[in-house]
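Take a look at the structure set out below.
The values are calculated or read from the model by the stated rules, or taken from the named source; none is laboratory data. All figures in this text were calculated on a predicted structure; none of them were measured in a lab. Reconstructed Cβ throughout: ideal geometry from the backbone, glycine too, with neighbour counts over all protein chains shown. Side chains included, ligands, DNA and RNA excluded: accessible areas come from the protein's heavy atoms. Shrake-Rupley method; radii C 1.70, N 1.55, O 1.52, S 1.80 Å.
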Amino acid sequence: MTPFPPEQLANFHRLAPEIILCVFGIVIMVADPFVQAAHKRVLGWLAFIGTPAALAGVRIMANDPGTAYSNLIRADAFSVFVHVIVIGAAALAILGSFQYLDDENIQRGEYYALVLFATAGMGILAGANELVTAFIGLEMSSISTYVLAGFRRRALKSNEASLKYFVLGSFATAFFLYGIAMVYGATGTTRIDVISGKLAQMIVEHGQVASLAILGLALMFVGLGFKVVAAPFQVYAPDVYEGAPTPVTALLASGPKAATFALMLRVFYVSFGSAGNFWFWAIWISAVLTMLVGNFAALVQTNVKRMLAYSSIAHAGYILVAFAAGTDIGITAVLFYLAAYALMKIGAFLVIAHLGQQGEKRLEITDYAGLGTKQPVLAVCFSLFLLSLLGLPATGGFLGKLFAFQAALDSKVVWLVVIAAINSVIGAYYYLRVIVAMYFWEPSKDYVPTKVAPSLTFALAIAAAGTLYLGLLPARVLEMAKAAADSLYLR
Amino acid sequence: MTPLAILCSWQAIRENVKGFFIALLVIETAMIGVFVSLDLLLFFFFWELTLIPMYFLIGIWGHDRRIYAAVKFILYTMFGSILMLVAILWLYNLAGTFDVPDIQAKLQTGLVLLPSHTELLLFGAFFLAFAIKVPLFPLHTWLPDAHTEAPTAGSVILAGVMLKLGTYGMLRFCLPLFPDAAHRMAPYIGVLAIIGIVYGAMVATVQTDLKRLVAYTSVSHLGFVVLGIFAFSTISIQGAIFQMLSHGVSTGALFLGVGMLYDRRHTFEIKEFGGLVNPMPVLMSFFLFIALSSLALPPLNGFIGEFLILIGTFQGHHAWAAWAASGAVLSAIYLLWAYQRVGFGEVTVEKNRTLPDASGRERLILATMAVAIIFMGVASPIFTRRMEVSTNNLLHQMERVQNVSRPATPEPAGKQSVISPGPRKNASVTKISLRHVQP
């Protein structure tokens, strides 16, 4: 008795999370003028309710796997896994924003709407089965985040971040689009799952892959590498991450990275799986550069937010190590790492968002002196996230690294793993430095701790619990990641 | 090892901080975990878990330069362990399991073949982690800092148990898993160990800081242990295990004694002391006794370990033993000289005249240590007999593996019957719980 024919209904099912997110976003935009300035936070709660609703949408999508809208979108376990990460990240970022926006006096409806639109864009990226659709998802998430990065309108740094992100980001997406065009020129299709067949045919007929396709892949790598902050396309990241409002940074560091890695997995593994020997060394070199740049630059930072921005770069490097494996184990490792990484990184940035206080004044490492005695619970939380980023056992970050290394070793990428391992020790220094400041330094006299808002407490509790859960009981999530990896190749 | 750890934590009661005890107990849990883990991943988990509480122990309750020492300690150790993690994963990918006996069986029967190049790399990764922990000569620089800056209980645990994690790891993983590589690298490691012995002793001699001096004795003594292990004879390995235990007791006791002096004067400078025998005869007598055990006076525990190591080493490597023996002489020099400067002579600093002698609690602690020292010295056969089985087993394993892997094509079927898994399992049990199981 439904008003839609079944195939149309299936389309809706398979795009359910994005539809729900966009509906919530539009409702917020429409409602915004009618809500008094003092009650704008209601819109925030509305946006937050939108995320569990979107997760319900993911559930609908998971129950009806397949392709939608003439093969543009693909709903599979892989897409579901990334959706959960992305939507979870958005939920935590929204929770962390309430108090922050009040403090900064920028509590507005469009902020939340933009977060939801960005999330919908990331969802499309994760589920794209066709390159132009992926491009739309990329643009959707990018444009929303350009605006979000500049949301502290009166802060110079925030403006700088937005402009930088916009200019460089436009270049990157243009590269991506150009890459798509070349791949289309070489293979005559933009469908991710069809390209692989065309390439295989090419190898059979000509004994090799057309160089135009490889060039296209390289250009796409530029665009996607920008989004996942892989070196040498990482230059924008520290400035943008530092300048953007901290909850936005939390979202930027986790959501787009997860979604873009998902698309990278689809493009590199599925479409260009037969050209593995072409992209392996690109990934290898990029991974090494990313880790080195991220870690060494982070070493000398005195601003904790900027340091964590560099640490995001370093972590992109670790994920690329797993990526270089080129196997199912590699996909599983990448996915697991993304989940663990999103939790710990958002947690860390949200702690910073709170400690920065009004106007993001307190971001220097010296401002963290003696936090262990002044705000013990918050300090323990932050230490947990830092130790997880560092990769200490019993945390999600450790197992993420473990699986990444194991996947790479399994593919005999030994030296990359050794470099990654050494890098993670370099990383230990700057994470520990913050812990040193928090616990070993004398607290400064003029510091007045502010109360942690209940919404932020809730977000931090989820992030901390998740980090520990992934570190201690990884089996379930790992199973899901494995299922996701399997689904990637199903035709 | 376990009672020793408990003993150490029990002795730290003077520090009345809740977090302190939390940290101590977590360390203890982790260390017991390391010693009982037969699963490589679990082993690594506990291995890393020992770091964090120790880091806080040094960093929060330590002395002046504590932060520097804490960071140095943790970075050094992590560097080694992360490479070990890579090696562990590598082994996992080869053998398909983290279970040590399983991996060992697979290596021995030739189910998993390690090319000698790979074996060397894996051995190197494991060995580096352990050598940093021990610490072996060029990697020892974190130790004096960590020891000097750590609170007394921290030093005691560090010296008493934590350093042994390294030598334990060598015995447990390096030798049985990678015997060929161990044999190939033994000459170099032996030389490093000897340099450690002599260098540690010489540096200890010139220290003006009492606690640093004791820290360098650890470098020297642990050099003996490594030497004993890599001399590959039953006696020397027994000696090494014995030295591990006895060094824990003696050096732990030394740190306790130094800590007691520090509680009174809040300094470790040797020149601040002098003539302490008169104001506090009991404490200083115990101190002398402990120093004597540390410098290996015959009836005491230090002697047994060093003697066994030297005998065992001499069987195969005359020159090594000769050089190492000079370390024993040097240890007499630095300890007695330090004692002379602290204990004998005129009281040079006025404050020292009125220092109180050992309290009842301190007497109890020191007496316990002294009893342990005498017991281990006189009744050493009790210990060595238990070690003999596991040591022999270890050496047998190594020889067998060599026999298997030396010829280019191993014969799994034939060899499998020779190697019964029983004794190997028993060996591990004996070493951990000291429960004697005759194979």
Top-ranked residue in the range B:31-84 [being outside any helix (DSSP H, G or I) and either more than 21 Å from the chain's Cα centre (by Cα) or surrounded by fewer than 20 Cβ atoms within 10 Å (Cβ to Cβ) (or both); ranked as farthest from the other protein chains (Cβ to nearest Cβ)]: B:LEU38
Odd one out for A:THR119 among (1) touching a Pro at 6+ places or on another chain (Cβ under 8 Å); (2) part of a helix (DSSP H, G or I): (1)
Qualifying residue in the range A:55-77 (condition: open to solvent by less than 10 Å² (accessible area, probe 1.4 Å) and among the hydroxyl-bearing types (Ser, Thr, Tyr)): no
Residues within the range B:221-242 that are in a helix (DSSP H, G or I) and surrounded by fewer than 24 Cβ atoms within 10 Å (Cβ to Cβ), tallied: 2
Residue in the range A:146-156 that is without any contact (Cβ under 8 Å) to a residue 60 or more places away in the chain, surrounded by fewer than 21 Cβ atoms within 10 Å (Cβ to Cβ) and not in a helix (DSSP H, G or I) present: yes
Residue within the range B:305-326 that is under 26 Å from B:ILE270 (Cβ atoms) and at pLDDT 80 or above present: yes
Test for A:ILE106: is it assigned to a loop (DSSP other than H, G, I, E, B), farther than 22 Å from A:ALA134 by Cα and not polar (S, T, N, Q): yes
Checking B:PRO187 against (1) without any contact (Cβ under 8 Å) to a residue 60 or more places away in the chain; (2) more than 28 Å from B:PHE314 (Cα to Cα), the condition it does not meet: (2)
Residues being open to solvent by less than 40 Å² (accessible area, probe 1.4 Å), more than 7 Å from chain B (Cβ to nearest Cβ) and of a type in the set (A, V, I, L, M) - total across the range A:415-428: 3
Residues of the range A:388-428 that turn out to be assigned to a helix (DSSP H, G or I) and of a type in the set (Ser, Thr, Tyr), as a count: 2
Matching helices (runs of 4 or more DSSP H) fully within the range A:177-249 where at least 3 residues are closer than 19 Å to A:THR290 by Cα and either open to solvent by 30 Å² or more (accessible area, probe 1.4 Å) or modelled with pLDDT of 90 or more (or both): A:211-227, A:236-243
Yes/no for A:LEU378 being at pLDDT 85 or above, assigned to a helix (DSSP H, G or I), hydrophobic (A, V, I, L, M, F, W, C) and buried (at least 24 other Cβ atoms within 10 Å of the Cβ): no
Those residues of the range A:446-461 which are more than 16 Å from A:ALA348 (Cβ to Cβ) and either open to solvent by 50 Å² or more (accessible area, probe 1.4 Å) or within 14 Å of another protein chain (Cβ to nearest Cβ) (or both), in sequence order: A:ASP446, A:VAL448, A:PRO449, A:THR450, A:LYS451, A:PRO454, A:PHE458
Residues located in the range A:1-43, provided they are part of a helix (DSSP H, G or I), of a type outside the set (A, V, I, L, M, F, W, C) and open to solvent by 80 Å² or more (accessible area, probe 1.4 Å): A:PRO6, A:GLU7, A:PRO33, A:HIS39
Any chance A:ALA394 is over 20 Å from the mean Cα position of the chain (by Cα), at pLDDT below 90, on the phi < 0 side of the Ramachandran plot and among the aliphatic types (A, V, I, L, M): no
Residues of the range B:97-133 satisfying the condition of being open to solvent by less than 10 Å² (accessible area, probe 1.4 Å) and farther than 16 Å from B:ALA186 by Cα: B:VAL100, B:ILE103, B:GLN108, B:ALA129, B:ILE132, B:LYS133
Filtered residues of the range A:429-445 (kept if part of a helix (DSSP H, G or I) and at the interface with chain B (Cβ under 10 Å from one of its Cβ atoms)): A:TYR429, A:LEU432, A:ARG433, A:ILE435, A:VAL436, A:ALA437, A:TYR439, A:PHE440
Selected residue [free of Cβ contacts under 8 Å to residues at least 40 places away in the same chain and in contact with a Phe, Trp or Tyr (Cβ under 7 Å, 6 or more places away or on another chain)] from B:LEU94, B:LEU89, B:LEU121: B:LEU89
Selected residue [within 12 Å of chain B (Cβ to nearest Cβ) and modelled with pLDDT of 90 or more] from A:ALA465, A:ALA404: A:ALA404
Given (1) surrounded by 23 or more Cβ atoms within 10 Å (Cβ to Cβ); (2) closer than 30 Å to B:MET369 by Cα; (3) more than 16 Å from the chain's Cα centre (by Cα); (4) more than 14 Å from chain A (Cβ to nearest Cβ), index of the condition B:ASP145 fails: (1)
Selection count, the range A:441-456, where residues are free of Cβ contacts under 8 Å to residues at least 60 places away in the same chain and over 29 Å from the mean Cα position of the chain (by Cα): 3
Flag for B:ALA12 being modelled with pLDDT under 80 and either more than 19 Å from the chain's Cα centre (by Cα) or closer than 28 Å to A:PRO376 by Cβ (or both): yes
In the range B:86-96, residue most open to solvent (accessible area, probe 1.4 Å) [restricted to those that are under 16 Å from A:ILE419 (Cα atoms) and within 7 Å of chain A (Cβ to nearest Cβ)]: B:TRP90
Counted residues, the range B:124-163 - those being acidic (Asp, Glu) and either closer than 13 Å to B:ILE27 by Cβ or touching a His at 6+ places or on another chain (Cβ under 8 Å) (or both): 1
Test: residue in the range A:82-91 that is open to solvent by less than 40 Å² (accessible area, probe 1.4 Å) and closer than 17 Å to A:VAL267 by Cβ: yes
